[in-house]
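**Q** Have a look at the structure that comes next, please.
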Amino acid sequence: MSPVLAGVLQLIALTAALALAYRPLGDYMAAVYSSPKHLRIEKVIYRCIGANADTQMRWPAYLRGVLAFSVVGVLFLYLLQRVQGSMPLSLGFASISPDQAFNTAASFVANTNWQSYSGEQAMGHVVQTAGLAVQNFVSAATGMAVAIALVRGFARSRTGDLGNFWADLVRGTVRVLVPIAVIGAIILVACGAIQNFSGIHGVGQFMGGSQQTNGGAVASQEVIKELGTNGGGYFNANSAHPFENPNAFTNLFEIFLILVIPFALTRTFGKLVGNVKQGYAILATMGIIWLGFTALMMWTEFAHGGPALQAAGAAMEGKETRFGVGASSIFSVATTLTSTGAVDSFHSSFTAFGGGIQLLGMMLGEIAPGGVGSGLYGMLVMAIIAVFLAGLMVGRTPEYLGKKIGTREIKLAACYILITPTLVLGFTAASMVLPDALGSMLNTKALGAGSHGFSEVLYAFTSGANNNGSAFGGLNANTPWYNTTIGLAMLLGRFLPMVFVLALAGSLAEQKPIPETAGTLRTEKPLFAGLLVGTILIITGLTYFPALALGPLAEGLS
């Protein structure tokens, strides 16, 4: 079987699996977030944290809950790393330095999982399980809660109530993420992933000598890192490591985990607003972009343009021979179009245009299908922009799902889409003029007169501000400058957009529904899906094209 055919068949199998899970999972999540009852374990959690889960919150209260919970998470994870050296099961590792501890705490609480350290050489079992793995669950549940709050803004009228953050957080964790993660971890262990608390031990090598490695609760952390679109790996090689991703089946299974909740949430959206066709329109938009990017990436990598790659016969540098070009391309697109950041190949070693596709996927806002929760609310904000543009073209006041899109709503949506580019381009520009920051670009002299080095810096801040977490490996990001600025980019890129999303949700929930008329734009039709795709690509292109031209495009054309 040719590598191209193998890649296409894997894509078909993945699409079929996602289609089978779409309806039951989407309906189940709609039932979870609309149920009036609380499970017994949930009641115990509410008593422990002192929350009244039956109280309805307006958007300022909901936002305070999100921010307070996240601040506590950052502080706890920071302190856990700072005292690691004196804790049991630390594997002899020292405590983490202040700047790296801040970067890591911000990273995992912001659902980014950017890592400027080698996991197997820095983090002990307690930090990995009690710190990082816990944040993999609750940061994902936080994103889902904010998405559900925005959906309620469309579904409710003249109340301003968005539900209860603590109830949404606990339900998303207990009823959605934990059950799927348990099943997924069992599957990974059965397929060869490790799950233990062993210490450091030597392993013999084929060519003689030995190397040291350590075990860990890898399978349980691996499944939630993918399911929650987190991305932080137990090992530095991430999902290219055989302990995390043993074979071709687990590789495809992990891609499925990355995509299944973000896609299924469109079904949840349709059920909660009372019109599943609206969910199908959002799903179609996400699917078109995802399939288009995947096909383009596979074509770029299989074409392996350039004399060196053509002489080698393939673009296999930095890719696992267990997976090959096709599966690596599918994984790469899945992880950069969501806020996952997990990798089964070395993104910096993709062709220049392949690296550009990865960058562009993040620059879209990671909305196709995007992160758990963040993908849905990001796509809904873009839908509001698309409806506004359509209203300008026909001279009508824009409406979406029976709600008027007025000046306030457009200002909030505009602020949302401006935050991330400001962070990405601002921090990248600052890094290009500071000598210490330039010194971390290891490939400046080696490739394209600095175009690849520039791409490394651009990729780092794009990944951080969009809460992705993957990286171009040629950049030495473990410096005070990058640890601090990328940490700030992750926090601001995560929580500032949530401010505007929740304010938008509150504004929509206060409105009275507007009945449809003959002039109402039918947002469940293919025409609107096409308009939405075009809006996303045009806004992203106008924002980032100059930066892309200096980086991957310049390298690819050189």
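The values are calculated or read from the model by the stated rules, or taken from the named source; none is laboratory data. In this text, all values refer to a predicted model and were calculated from it rather than measured experimentally. Because the Cβ atoms are built from the backbone with ideal geometry, glycine has one as well, and the counts that use them run over all protein chains shown. SASA here: full protein model, heavy atoms, side chains in, ligands and nucleic acids out. Shrake-Rupley method; radii C 1.70, N 1.55, O 1.52, S 1.80 Å.
**Q** Yes or no: the stretch 421-430 includes at least one residue that is under 30 Å from Gly163 (Cα atoms), of a type in the set (A, V, I, L, M, F, W, C) and either in contact with a His (Cβ under 7 Å, 6 or more places away or on another chain) or surrounded by 24 or more Cβ atoms within 10 Å (Cβ to Cβ) (or both).
**A** The answer is no, given that none of the residues of the stretch 421-430 is under 30 Å from Gly163 (Cα atoms), of a type in the set (A, V, I, L, M, F, W, C) and either in contact with a His (Cβ under 7 Å, 6 or more places away or on another chain) or surrounded by 24 or more Cβ atoms within 10 Å (Cβ to Cβ) (or both).
**Q** If you go through the stretch 312-329, how many residues are more than 19 Å from Gln10 (Cα to Cα) and part of a helix (DSSP H, G or I)?
**A** Here the count works out to 1.
**Q** Right, here's the next one. Can you report the number of residues in the stretch 349-361 which are in a helix (DSSP H, G or I), in contact with a His (Cβ under 8 Å, 6 or more places away or on another chain) and surrounded by fewer than 24 Cβ atoms within 10 Å (Cβ to Cβ)?
**A** Counting residues in the stretch 349-361 that are in a helix (DSSP H, G or I), in contact with a His (Cβ under 8 Å, 6 or more places away or on another chain) and surrounded by fewer than 24 Cβ atoms within 10 Å (Cβ to Cβ) gives 1.
**Q** Is it the case, given these coordinates, that Val372 is among the aliphatic types (A, V, I, L, M) and farther than 20 Å from Thr535 by Cα?
**A** yes
**Q** On to the next question. Is the stretch 131-142 home to any residue that is open to solvent by 10 Å² or more (accessible area, probe 1.4 Å) and outside any helix (DSSP H, G or I)?
**A** no
**Q** For the stretch 80-117, give me the residue count where each residue is closer than 21 Å to Ala489 by Cα and either out of contact with any Leu (no Cβ under 6 Å at 6 or more places or on another chain) or aromatic (Phe, Trp, Tyr) (or both).
**A** Going through the stretch 80-117 one residue at a time, the tally reaches 20.
**Q** What are the residues in the stretch 362-377 that are assigned to a helix (DSSP H, G or I) and either within 8 Å of Thr338 (Cα to Cα) or free of Cβ contacts under 8 Å to residues at least 60 places away in the same chain (or both), if any?
**A** Within the stretch 362-377, Met362, Gly375 qualify.
**Q** Step by step: first the residues of the stretch 155-196, then only those that are open to solvent by less than 10 Å² (accessible area, probe 1.4 Å), of a type outside the set (A, V, I, L, M) and over 18 Å from Lys37 (Cα atoms), then the one that is farthest from the chain's Cα centre (by Cα). Which residue is that?
**A** Of everything passing the filter in the stretch 155-196, Gly160 is farthest from the chain's Cα centre (by Cα).
**Q** Can you list residue pairs whose Cβ atoms sit under 9 Å apart, with the first residue in the stretch 419-438 being farther than 15 Å from Glu456 by Cα and touching a residue at least 40 places away in the same chain (Cβ under 8 Å) and the second being of a type in the set (D, E, K, R) and open to solvent by 60 Å² or more (accessible area, probe 1.4 Å)? Count only pairs 6 or more apart in sequence or on different chains.
**A** Sorted first by the residue in the stretch 419-438, then by its partner, the list stays empty.
**Q** Shifting gears a bit: What pairs come up if the first residue lies in the stretch 515-527 and is more than 10 Å from Glu399 (Cβ to Cβ), the second is aromatic (Phe, Trp, Tyr), and their beta carbons are under 8 Å apart, counting only those six or more places apart or on different chains?
**A** Listed by first residue and then by second, the contacts come to Arg522/Phe528; Glu524/Tyr280.
**Q** Are any of the residues in the stretch 199-215 part of a helix (DSSP H, G or I) and open to solvent by less than 10 Å² (accessible area, probe 1.4 Å)?
**A** Scanning the stretch 199-215, I find no residue that is part of a helix (DSSP H, G or I) and open to solvent by less than 10 Å² (accessible area, probe 1.4 Å), so the answer is no.
Conditions (1) touching a residue at least 60 places away in the same chain (Cβ under 8 Å); (2) under 30 Å from Gly160 (Cα atoms); (3) within 24 Å of the chain's Cα centre (by Cα), marked per residue:
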| residue | (1), (2), (3) |
| --- | --- |
| Gly26 | yes, yes, yes |
| Cys48 | no, yes, no |
| Val66 | yes, yes, yes |
| Gly85 | no, no, no |
| Leu91 | yes, no, no |
| Ser95 | no, no, no |
| Phe102 | yes, no, yes |
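**Q** Looking only at the stretch 439-455, count every residue that is open to solvent by 20 Å² or more (accessible area, probe 1.4 Å) and at pLDDT 80 or above and tell me the total.
**A** Residues meeting the conditions: 1.
**Q** Further question on the same structure: I want to confirm something. Restricting to the stretch 514-555 and keeping residues that are out of contact with any helix residue (DSSP H, G or I) (no Cβ under 8 Å at 6 or more places or on another chain), more than 20 Å from Leu359 (Cβ to Cβ) and open to solvent by 70 Å² or more (accessible area, probe 1.4 Å), which single residue is modelled with the lowest pLDDT?
**A** Ala518
**Q** Of all residues being in a helix (DSSP H, G or I) and among the basic types (Lys, Arg) in the stretch 16-73, which is most open to solvent (accessible area, probe 1.4 Å)? Just the residue, please.
**A** Arg40
**Q** Only residues that are open to solvent by 10 Å² or more (accessible area, probe 1.4 Å) and of a type in the set (Gly, Ala, Ser): list them for the stretch 456-468, please.
**A** none
**Q** Quickly run through the stretch 485-508 and pick out the residues that are over 26 Å from Gly160 (Cα atoms) and either in contact with a Leu (Cβ under 7 Å, 6 or more places away or on another chain) or crowded, with 20+ Cβ neighbours inside 10 Å (or both).
**A** Within the stretch 485-508, Thr485, Ile486, Gly487, Ala489, Met490, Leu491 meet the criteria.
**Q** Which of the residues belonging to the stretch 103-124 are within 17 Å of Phe93 (Cβ to Cβ) and in a loop (DSSP other than H, G, I, E, B)?
**A** Gln115, Ser116, Tyr117, Ser118, Met123, Gly124, listed by residue number.
**Q** Suppose we keep only residues that are modelled with pLDDT of 60 or more and either under 24 Å from Pro242 (Cβ atoms) or polar (S, T, N, Q) (or both) within the stretch 299-313. Which one would you say is surrounded by the fewest Cβ atoms within 10 Å (Cβ to Cβ)?
**A** Thr300
**Q** Of the residues Ala237, Ala264, Ala219, which single one is free of Cβ contacts under 8 Å to residues at least 60 places away in the same chain and open to solvent by less than 10 Å² (accessible area, probe 1.4 Å)?
**A** Matching residue, one of Ala237, Ala264, Ala219: Ala219.
**Q** Please pick out the residue among Pro36, Pro88, Pro60 that is out of contact with any strand residue (DSSP E or B) (no Cβ under 6 Å at 6 or more places or on another chain), at pLDDT 95 or above and not polar (S, T, N, Q).
**A** Being out of contact with any strand residue (DSSP E or B) (no Cβ under 6 Å at 6 or more places or on another chain), at pLDDT 95 or above and not polar (S, T, N, Q) holds for just one of Pro36, Pro88, Pro60, which is Pro60.
**Q** Of the residues that sit in the stretch 388-417 and are open to solvent by 40 Å² or more (accessible area, probe 1.4 Å) and part of a loop (DSSP other than H, G, I, E, B), which one is modelled with the highest pLDDT?
**A** So the residue we want is Leu401.
**Q** Among (1) outside any loop (DSSP other than H, G, I, E, B); (2) touching a residue at least 40 places away in the same chain (Cβ under 8 Å); (3) over 9 Å from the mean Cα position of the chain (by Cα), there is one condition Ser332 misses while meeting the rest; what is its number?
**A** With respect to (1) outside any loop (DSSP other than H, G, I, E, B); (2) touching a residue at least 40 places away in the same chain (Cβ under 8 Å); (3) over 9 Å from the mean Cα position of the chain (by Cα), Ser332 is out only on (2).
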